[in-house]
Amino acid sequence: MKPIRLMSGILTVGFWTLASRVLGVAREIMILALIGPGPVLDAFVAAFRLPNMFRRFFAEGAFNAAFVPMFSKKYEADEEPLTFARDAMNGLGFVLLALSALALIFMPALVWATAGGFAGSERFDLTVGFGRIVFPYILFISIAALFSGALNATGHFAAAAAAPVLLNIFVILAMIAGHYLGGDVVMWLVWTVPLAGVAQLALVWIAAERAGVRLRPGRPRLTPDMKRLTVVAIPAALAGGVMQINLLVGQQVASHFDKAVGWLYAADRLYQLPLGVVGIAVGIVLLPDLSRRLKAEDTVGGREAFSRAGEISLALTVPCAVALVVVPLPMVSVLFERGATGPDDSAAIALAVALYGLGLPAFVLQKVLQPLFFAREDTRSPFRYAVVAMLVNAAIAIGLAPVIGWIAPAIATTVAGWIMVAQLSIGGRRFGEVARFDARFRRRAWRICLASVIMGVVMWGTLVLLGPLFAVTGLRYLALLALLVVGTISYGLAGQSIGAFRLSEFRNALRRKPRMQ
């Protein structure tokens, strides 16, 4: 078997994803400072969500859930993987060109369907205009996702993980330029998005060439492999569509409340930081690894990979979730409260952050559990589970909105996330021992939770002591840094002492260099 180093791969992807997410937070800090919560930000969020929604629907979610296992198995068995990848790229490109043309023509209808609360206000026209500029981003980023999937399947993770960094770099530089040159910052922002997509595609295309994955555009062909890919991808696309419906339900509810779309967007970006670093990294590396092990009939290795992925996910995610729940306001106020964003905005965003934090472990565990199904080309089961989660999400978001207002979508997202995890966990039992966490995982899981609780208590006490410093402009950054350092040290010491993990395991993984195939 051509090996994938699981821990090294996770750390490689995690490092670049961390860089992307940190720059993403910096991007949101600038957006909130230069634009601020209000009609313009709401319009940008709704417009930018359109290509991202379809990207997850067609590329990173549905398409890669079908493409990566099939490509990984062909690569493992040396069954013309490049021919398969070329045909997949041509078919995906054709669909995306047609989708982009339709979206540009029917953008007003698309905005009405995804943010109906904007109708009759300036937000609607702004969203339509912004949407027509940013939507072509889907073409570039979706093809880039295909190249990224091929690179991941061959054990080359760095370039694919680094590509999202370019979007944030381009956007940050554009906003700085717009601000200092006296232009309309939001227009600099929206025009930069498709340009960044071109740069991301160029990066992974060049990396794929160097890795031996040489693909060229051509005429789409409906081969037996493409038929099989379509059969596998359709349920995954429907599942991805269901998950996007969850986002749209939340946006529809929020669009009826002033500033709510911007508040939820800012909170989403903050909890996406640990989710991206851990959950996405684990999912990206685990899927091709499990697919190859299934092809090689390595059940023992598959269970080991699955259990270690779950273990590192909990070890890195649960403390983050506790921190988001215990001390959200200091983080939000220090990061976002400046310029056009005031204390009331910070309080609202912090409330959403705490609610999303309760669901963070569920969102990450989904990334660990889904590869069990996708590696077997079973996309139907996750679709059924996603439908149930969608119904729960819609019922809570729509049902609670008249009672508690704009925050209902955050509660609905968290509850639906845990419902999805429960279904994946129960449904995966039919795969046998390979889908069951081993004794080491079970032994460490509760210790990780205990260490995280200890960390939360320490952080709360530290916040009480440092509270006055957060009101001093020049000291609040140091206060937040001290709070996070104290939390990290307390978690490390507690986890090491009660056997939740060994710090040497992380050090050893960092020293290993992933082998290039």
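Taking residues in region 475-498 that are free of Cβ contacts under 8 Å to residues at least 24 places away in the same chain and closer than 14 Å to MET331 by Cβ, and partners anywhere that are crowded, with 17+ Cβ neighbours inside 10 Å and of a type in the set (Val, Ile, Thr), the pairs with Cβ atoms closer than 8 Å and at least 6 places apart or on different chains are ALA482/THR462. Suppose the filter is among the charged types (D, E, K, R), part of a helix (DSSP H, G or I) and modelled with pLDDT under 90; does ASP378 pass it? In short, no.
Any idea which of ALA397, ALA386 is out of contact with any strand residue (DSSP E or B) (no Cβ under 7 Å at 6 or more places or on another chain), at pLDDT 90 or above and in a helix (DSSP H, G or I)?
Values: ALA386 fails: at pLDDT 90 or above.
Within the list ALA397, ALA386, the selection yields ALA397.
Condition check for SER8 on (1) buried (at least 18 other Cβ atoms within 10 Å of the Cβ); (2) touching a Lys or Arg at 6+ places or on another chain (Cβ under 9 Å); (3) farther than 23 Å from VAL111 by Cβ; (4) modelled with pLDDT of 70 or more: one failure, at (4).
Given the structure, is TYR477 within 27 Å of the chain's Cα centre (by Cα), at pLDDT 90 or above and aromatic (Phe, Trp, Tyr)? Write out each step before concluding.
Numbers: within 27 Å of the chain's Cα centre (by Cα): yes; at pLDDT 90 or above: no; aromatic (Phe, Trp, Tyr): yes.
When the stated conditions are applied, TYR477 does not pass them.
For region 400-437, a residue qualifies if it is within 14 Å of VAL368 (Cα to Cα) and outside any helix (DSSP H, G or I), and the qualifying residues are ARG436, PHE437. Against the condition under 21 Å from the mean Cα position of the chain (by Cα), crowded, with 22+ Cβ neighbours inside 10 Å, modelled with pLDDT of 85 or more and not aliphatic (A, V, I, L, M), how does GLN251 come out, does it pass? Criteria not met by GLN251. Checking each residue in region 480-516 for being modelled with pLDDT under 75 and part of a helix (DSSP H, G or I) picks out LEU503, SER504, GLU505, PHE506, ARG507, ASN508, ALA509, LEU510, ARG511. Only one of the numbered conditions (1) in a helix (DSSP H, G or I); (2) of a type in the set (Gly, Ala, Ser); (3) surrounded by fewer than 24 Cβ atoms within 10 Å (Cβ to Cβ) is violated by ALA352, and that is (3). Of all residues in region 212-230, those satisfying the criterion of being surrounded by 18 or more Cβ atoms within 10 Å (Cβ to Cβ) and outside any helix (DSSP H, G or I) are VAL213, LEU215. In region 136-173, the residue that is farthest from ARG21 (Cα to Cα) out of those that are at pLDDT 90 or above and crowded, with 23+ Cβ neighbours inside 10 Å is TYR137. Considering only residues in region 42-76 that are of a type in the set (Gly, Ala, Ser), at pLDDT below 75 and assigned to a helix (DSSP H, G or I), the one that is nearest to SER121 (Cα to Cα) turns out to be ALA59.
Just to be sure, is ALA202 assigned to a helix (DSSP H, G or I), surrounded by fewer than 17 Cβ atoms within 10 Å (Cβ to Cβ) and of a type in the set (Gly, Ala, Ser)?
yes
Okay, residues lined up against (1) part of a helix (DSSP H, G or I); (2) modelled with pLDDT under 90; (3) under 30 Å from GLY467 (Cβ atoms); (4) hydrophobic (A, V, I, L, M, F, W, C):
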{"position": "GLU297", "(1), (2), (3), (4)": "no, yes, no, no"}
{"position": "GLY301", "(1), (2), (3), (4)": "yes, yes, no, no"}
{"position": "VAL334", "(1), (2), (3), (4)": "yes, yes, yes, yes"}
{"position": "LEU358", "(1), (2), (3), (4)": "yes, no, yes, yes"}
{"position": "VAL368", "(1), (2), (3), (4)": "yes, yes, no, yes"}
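Could you tell me whether region 77-96 includes any residue that is free of Cβ contacts under 8 Å to residues at least 24 places away in the same chain, farther than 30 Å from GLY212 by Cβ and over 25 Å from the mean Cα position of the chain (by Cα)? Among the residues of region 77-96, not one is free of Cβ contacts under 8 Å to residues at least 24 places away in the same chain, farther than 30 Å from GLY212 by Cβ and over 25 Å from the mean Cα position of the chain (by Cα), which makes the answer no.
Selection of region 370-388 for residues being out of contact with any Phe, Trp or Tyr (no Cβ under 9 Å at 6 or more places or on another chain) and of a type in the set (A, V, I, L, M, F, W, C) yields PHE374, ALA375, PHE383, ALA386, VAL387, VAL388. Among the residues of region 438-476, those that are of a type in the set (D, E, K, R) and within 26 Å of GLN496 (Cα to Cα) comprise ASP438, ARG440, ARG442, ARG443, ARG444, ARG447.
Out of all the residues in region 172-182, is one or more touching a Lys or Arg at 6+ places or on another chain (Cβ under 9 Å), more than 30 Å from LEU126 (Cβ to Cβ) and either in a helix (DSSP H, G or I) or touching a residue at least 24 places away in the same chain (Cβ under 8 Å) (or both)?
Within region 172-182, none of the residues are touching a Lys or Arg at 6+ places or on another chain (Cβ under 9 Å), more than 30 Å from LEU126 (Cβ to Cβ) and either in a helix (DSSP H, G or I) or touching a residue at least 24 places away in the same chain (Cβ under 8 Å) (or both).
When ALA422, ALA412, ALA395, ALA386 are screened for being over 17 Å from the mean Cα position of the chain (by Cα) and crowded, with 21+ Cβ neighbours inside 10 Å, only ALA412 passes. Checking each residue in region 331-348 for being crowded, with 23+ Cβ neighbours inside 10 Å and under 24 Å from ALA362 (Cα atoms) picks out only VAL332.
The values are calculated or read from the model by the stated rules, or taken from the named source; none is laboratory data. What you are looking at is a predicted structure, and each value in this text was computed from that prediction instead of being measured. Neighbour counts run over all protein chains shown; Cβ positions are idealised from the backbone, glycine included.
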